[in-house]
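Notes to accompany the following structure.
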Amino acid sequence: MATTANGQLATAASTATGSGGTIDSTANTQGGVVTGVSAFASAPVDSTENDSTRSSAQNGTVQGFNGMSDNSYAFATEAPSAGFVSTTLGNNNNLNTALSGGTVFGEASQGAFMSSSASGLHEYNSTIAFTVNTTSLSGDLIAGLIGDQSFGTGFTSLDFNVVENGKQIFDQSFTTLSADNTFFTNHALDLGTFATGPGQVVDFNFDLTTNTAGNGFGDEFLLGTTGGAICFVPGTLIRTPREEVAVETLKRGDLLITTDGRTMPVSWIGRQTVSTVFGDP
């Protein structure tokens, strides 16, 4: 385990050979809106491969994918550099739509790779945990899934889930690489509203299993908020799976078509009256 303060780089790594057990590494740092970030990676130990894990946590600098360098890895960045965020949003229109008016305060990548010398069923796990002071933030929490990296046929199964303050708020399992590629590429995953205050913890959990040597998969994402809610005047037409309807007729639970083509339920509706006393005639 490695721990630093004020966003300084913390890196931890482990290697092992043997007939059983697991190995893991954990890195922690803290500072800023993200008051703490940790990265944890674990891999099984067996006699068919030299096993290794790697994790890092830091401020500003982004690590990205780790390829086939380690069997399991987890990298986390608080307050990724403005240049990286700008380039990423510019290259991913769905992320730009969701995050350009809000705040991006985190980036992470996690993945696993089964060595060519390994055999049998292997399970690899990693967790990225952000502790956030959300007092100054507004809007919805967004995991901006940037893209992925794969080797071989990827995996036998993969589970990706998000836990907020100990409660699971999202869970998705995959058995095909094509479905995984679609989900993790240019996808603004809306995780809904969040509690306000210091000490809000958001965990991203990655669980990959495979029995094929040379298989591997990794994902990379931004973490941020949308900013203030988008308001519509009465009469604005909103697209639903059946037809376009006036915004004022919607209610919680109704299904809408999002800007990136997904079908999502309405989770919140607010109303505000705006005075036009000082408006133009």
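Remark: residue 280 matches the filter, which requires a residue to be exposed (fewer than 10 other Cβ atoms within 10 Å of the Cβ) and either modelled with pLDDT under 90 or part of a loop (DSSP other than H, G, I, E, B) (or both).
From the set of residues in region 15-63 that are at pLDDT 75 or above and outside any strand (DSSP E or B), which is least open to solvent (accessible area, probe 1.4 Å)? Among residues in region 15-63 that are at pLDDT 75 or above and outside any strand (DSSP E or B), the one least open to solvent (accessible area, probe 1.4 Å) is 60. Taken over region 131-148, the criterion of being modelled with pLDDT of 95 or more and either aliphatic (A, V, I, L, M) or more than 23 Å from residue 191 (Cβ to Cβ) (or both) is satisfied by 141, 142, 143, 145, 146. Listed by position, the strands (runs of 3 or more DSSP E) contained in region 212-270 that have at least 3 residues being within 21 Å of the chain's Cα centre (by Cα) and at pLDDT 85 or above are 216-225. Per the listing 96, 133, the residue uniquely free of Cβ contacts under 8 Å to residues at least 40 places away in the same chain, open to solvent by 20 Å² or more (accessible area, probe 1.4 Å) and not hydrophobic (A, V, I, L, M, F, W, C) is 96. Taking the conditions exactly as written (open to solvent by less than 30 Å² (accessible area, probe 1.4 Å) and either under 20 Å from residue 42 (Cβ atoms) or modelled with pLDDT of 95 or more (or both)), does residue 151 satisfy them or not? Here the answer is no, as residue 151 does not meet what is asked.
In region 64-80, the qualifying residues are those that are of a type outside the set (A, V, I, L, M) and open to solvent by 50 Å² or more (accessible area, probe 1.4 Å), and the one that is farthest from residue 108 (Cα to Cα) is 69.
Each residue in region 174-211 was checked for being more than 16 Å from the chain's Cα centre (by Cα), part of a loop (DSSP other than H, G, I, E, B) and not small (Gly, Ala, Ser), and 5 pass.
I'd like to know if region 75-82 contains one or more residues that are assigned to a strand (DSSP E or B) and more than 14 Å from the chain's Cα centre (by Cα). Before the answer, list the steps.
Step one: list which residues in region 75-82 are assigned to a strand (DSSP E or B), which gives 75-78.
Now drop any that are not more than 14 Å from the chain's Cα centre (by Cα), which leaves none.
Taking every residue of region 75-82 in turn, none turns out to be assigned to a strand (DSSP E or B) and more than 14 Å from the chain's Cα centre (by Cα).
In this structure, is residue 158 within 21 Å of residue 99 (Cβ to Cβ), touching a Phe, Trp or Tyr at 6+ places or on another chain (Cβ under 9 Å) and in a strand (DSSP E or B)? The answer is no for residue 158. Entry remark, region 154-180: residues being touching a strand residue (DSSP E or B) at 6+ places or on another chain (Cβ under 6 Å), within 27 Å of residue 115 (Cα to Cα) and open to solvent by 50 Å² or more (accessible area, probe 1.4 Å) number 4 in total. Name the single residue, out of those in region 197-244 being within 20 Å of residue 172 (Cβ to Cβ) and of a type in the set (D, E, K, R), that is least open to solvent (accessible area, probe 1.4 Å). The qualifying residue least open to solvent (accessible area, probe 1.4 Å) is 219.
Check region 109-122 and report whether any residue there is touching a Phe, Trp or Tyr at 6+ places or on another chain (Cβ under 6 Å), farther than 30 Å from residue 212 by Cβ, in contact (Cβ under 8 Å) with a residue 12 or more places away in the chain and crowded, with 23+ Cβ neighbours inside 10 Å. No, there is no match, as no residue in region 109-122 is touching a Phe, Trp or Tyr at 6+ places or on another chain (Cβ under 6 Å), farther than 30 Å from residue 212 by Cβ, in contact (Cβ under 8 Å) with a residue 12 or more places away in the chain and crowded, with 23+ Cβ neighbours inside 10 Å.
The values are calculated or read from the model by the stated rules, or taken from the named source; none is laboratory data. Treat the numbers as computed from the prediction; the structure is a model and nothing was measured. Neighbour counts are summed over all protein chains in view; Cβ atoms, including those assigned to glycine, are modelled from backbone coordinates with ideal geometry. These area figures cover heavy atoms from the full protein model, side chains too; ligands, DNA and RNA do not enter into them. Shrake-Rupley method; radii C 1.70, N 1.55, O 1.52, S 1.80 Å.
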